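Just below is one structure, and these are the notes that go with it.
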Amino acid sequence: MSERLRIESFIGGAHIDGAGDVFTLINPADETEIASYREAGEALARDAHQAALKGGAVWRHMNASARGVILIEISRLVRRDLEILAQAEARVAGKPIRDCRGEVAKVADMFAYYAGWADKIEGRVIPVPTSHLNVVEREPLGTIVQMTPWNAPIFTAGWQIAPALAAGNAVILKPSEWTPVTSLMLAKLAQEAGLPDGALNIVVGGPRTGAALVNTPLCGKAVFIGSVGTGRKVAALAGSAGRPALLELGGKSANVIFADCDLARAVKAAQGAIFAAAGQSCTAGSRLLVERSIHDKVVAALVGAARQLRVGDPLDDATEVGPLHSLRQWDRISGMIARSKDQGATLAAGGDKPAGATPGYYLAPTILADAKPGMEIFDEEIFGPVLAVTPFDSEEEAISLANAGEFDLAGAVWSGQGTRAIRVARALRAGSVWVNGYRTLSVQSPFGGMRGSGFGRSSGYEVLLEYTQPKSIWIETDDHAPIAFGYDVLK
């Protein structure tokens, strides 16, 4: 793959090599080089905006139903190439192949869903207290600049591109500099489907290229998925250009288990909540809050399960947990585990590389018991297969612990009492809450966070409101309506 893969920006329907810094992609499973490329830089960022202006005008003025037909065709082509896309995602991102297949299938679902919305973005007529017909239309913002992360490259690309196109916008997507491959493949499929050149552009590179894309009046809106610190910088840059932003940032989701729940289901779901995708997910259930009467039983069960999970090559169908994405991630997470033990947490499982997992950035599924507020492992996003377990004694304490910290993206509650489950779900401060389940997502439902987890929604009908703006048109219906100011100089 490293010999054949060539990475260039895709602007105005053509591949264009960059002239900026060189980035080298490393396969996280075996630490071999996949490819090197030059980032786009400021000049290509300007070119991308010009291409988006031209291609976006063609796209915006197409019949809305015709736009929907093209989005449906993109969906079909994604399904056609599902295995090709999944294989590429597994190699570059290090995700287990079976997870990649599922995520590519969801990308196809995203384009199909928003294809149906393309000709249903409707306006309103306001019964104003004058003789006017007041029509409110929703119109596209122009060019949407989107930045997606390395942990789920094609999934987050589809999650953002599909609704932005359905609303009539042009898109410039800057994928993570470490995982640009499947986003480029998706753009080529969109071109094959008949999307006008320039309506979707992929610009490869790092922070310098991203800043150039956002810090310009040509940016209609900036969308960022990733870390809190970078997201706030993106929002500040967009604000300095007088443009809005949508941020989907970190999470530290609390998974709350009460003693009266179906414990076998809750323990099994807790494994997937944190260990799936090697914990490299913003919705990972990295904080497990367990009622004290069942705490020891739950920890023992999870320790046994963690030792059975199959850690290995992402391209192996049997693999359940792949590697961390980079050496930098491995070092950062290992440091957090060591500091948390120093702070009083108890290492119950994992904490290092699995036996024989060399080379590769593998980390054994890790469980830290006795986690408390104030510990790094409790307060900070880990973004790895590391579970912090904390006991609680009452419903009120569980809610207080769940709502501690700045991240408000997701959470879950497990209880056999329907009234308590609903009560706690409503009390959890999170954009998404699951009851007796975990991490069910659908493109049809709004997704996003609050406070440290960002603002705005990235799916459902609600994202169409993010990607359009209302325009109020006043039509005078009375030919003799008085005009309050001025002189009749033409009579």
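Remarks
- Among the residues of the range 436-461, the ones that are of a type in the set (D, E, K, R) and under 25 Å from W414 (Cα atoms) come to 2 in all.
- Matching entry among A66, A90 (being among the small types (G, A, S), farther than 21 Å from W117 by Cβ, assigned to a helix (DSSP H, G or I) and not assigned by TED's automatic domain parsing to the domain that holds Y362): A90
- Going through (1) within 15 Å of E177 (Cα to Cα); (2) assigned to a strand (DSSP E or B) one by one, H15 falls short only on (1).
The rows are residues; the columns are (1) in a helix (DSSP H, G or I); (2) surrounded by 11 or more Cβ atoms within 10 Å (Cβ to Cβ); (3) at pLDDT below 95; (4) on the phi < 0 side of the Ramachandran plot.
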position: R420; (1), (2), (3), (4): yes, yes, no, yes
position: A425; (1), (2), (3), (4): yes, yes, no, yes
position: R439; (1), (2), (3), (4): no, yes, yes, no
position: I473; (1), (2), (3), (4): no, yes, no, yes
position: I483; (1), (2), (3), (4): no, no, yes, yes
position: Y487; (1), (2), (3), (4): no, no, yes, yes
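- The conditions of being buried (at least 24 other Cβ atoms within 10 Å of the Cβ) and either under 21 Å from N151 (Cα atoms) or in contact with a Lys or Arg (Cβ under 6 Å, 6 or more places away or on another chain) (or both) are not met by L315.
- Residue count for the range 466-489, restricted to those that are touching a residue at least 24 places away in the same chain (Cβ under 8 Å) and not hydroxyl-bearing (S, T, Y): 10.
- Matching entry among G168, G231, G206 (being more than 14 Å from the chain's Cα centre (by Cα) and over 25 Å from P314 (Cβ atoms)): G168
- Listing of strands (runs of 3 or more DSSP E) fully contained in the range 252-356 that carry 3 or more residues being more than 30 Å from the chain's Cα centre (by Cα), assigned by TED's automatic domain parsing to the domain that holds I382 and over 27 Å from V92 (Cβ atoms): 346-349
- Residue match in the range 193-202 (condition: surrounded by fewer than 23 Cβ atoms within 10 Å (Cβ to Cβ), closer than 26 Å to E83 by Cβ and assigned by TED's automatic domain parsing to the domain that holds D21): yes
The values are calculated or read from the model by the stated rules, or taken from the named source; none is laboratory data. Nothing here was measured: the structure is a model prediction, and the numbers come from that model. Virtual Cβ from ideal backbone geometry, glycine too; neighbours counted across all protein chains shown.
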